[in-house]
Amino acid sequence: MSDHCEVAIVRWPGPTPPIEDGLVALLAAYHLRTEAEKGESVADVDGLPDRYRAEITDPLTAFAGDVVLVALIGDAPVGCLVMTSLAGGQSEIKRLWTDPESRGRGIASALLGAALAHAAQNGVDTVRLSVWEWRTGAIALYERLGFSVTRSWDERDQLVCMQRAA
């Protein structure tokens, strides 16, 4: 049985308790796990490719113009999601991550729901995302929320591209 609890979704930066350290930790965990899953394991953040390390060292600059959502249980950041700024009627979901110890509590669903609501309120026609094919649980969640597989816009092997109307 899932342990559903009170999850608050907040926009970062914003008038919330200081959560940047928690966001940075979530982003670091996301990137380190992803690199390991791709078979390119690195020991720490310093070993990540520059583009990923930049998100961790300076998320305010890396995500300027994007919407960054953070899920909180109490004051503890337990999940994050980045939605790119509107371009050509589309926004893209990136960096959806839930702390492994907090999974099964509806956090990813809550983050996605907030992102889709934001998209609908801000003139987005299509929301798209990409996900590694081995993340079958994430793919199933996206499909439950109305995303469907579409032609790839990314050349990386084993990447599944999905989209849905906002």
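No value in this document is a laboratory result; all are computed from the given coordinates. As the structure is a computational prediction, the values presented were derived from the model and not from experiment. Please note: Cβ atoms are built from the backbone with ideal geometry, for glycine as well, and neighbour counts cover all protein chains shown.
Here are a few things to note about the model shown:
- Pairs linking a residue in the stretch 147-158 that is among the aliphatic types (A, V, I, L, M) to a residue that is surrounded by 10 or more Cβ atoms within 10 Å (Cβ to Cβ), with Cβ atoms under 9 Å and 6 or more positions apart or on different chains, are Val149/Ile139; Val149/Glu143; Val149/Val160; Val149/Cys161; Val149/Met162; Val149/Gln163.
- Boolean, Arg51 is under 22 Å from Gly106 (Cα atoms), among the charged types (D, E, K, R) and out of contact with any His (no Cβ under 9 Å at 6 or more places or on another chain): no
- Of the listed requirements (1) crowded, with 17+ Cβ neighbours inside 10 Å; (2) free of Cβ contacts under 8 Å to residues at least 12 places away in the same chain, Pro59 misses just one: (2).
- Any hit, the stretch 20-41, residues being over 26 Å from Trp153 (Cβ atoms), outside any strand (DSSP E or B), in contact (Cβ under 8 Å) with a residue 12 or more places away in the chain and over 18 Å from the mean Cα position of the chain (by Cα): no
- Residue within the stretch 78-94 that is within 13 Å of the chain's Cα centre (by Cα) and farther than 23 Å from Val160 by Cα present: yes
- Options Asp66, Asp125, Asp75: the member that is surrounded by fewer than 19 Cβ atoms within 10 Å (Cβ to Cβ) and farther than 30 Å from Asp44 by Cβ: Asp125
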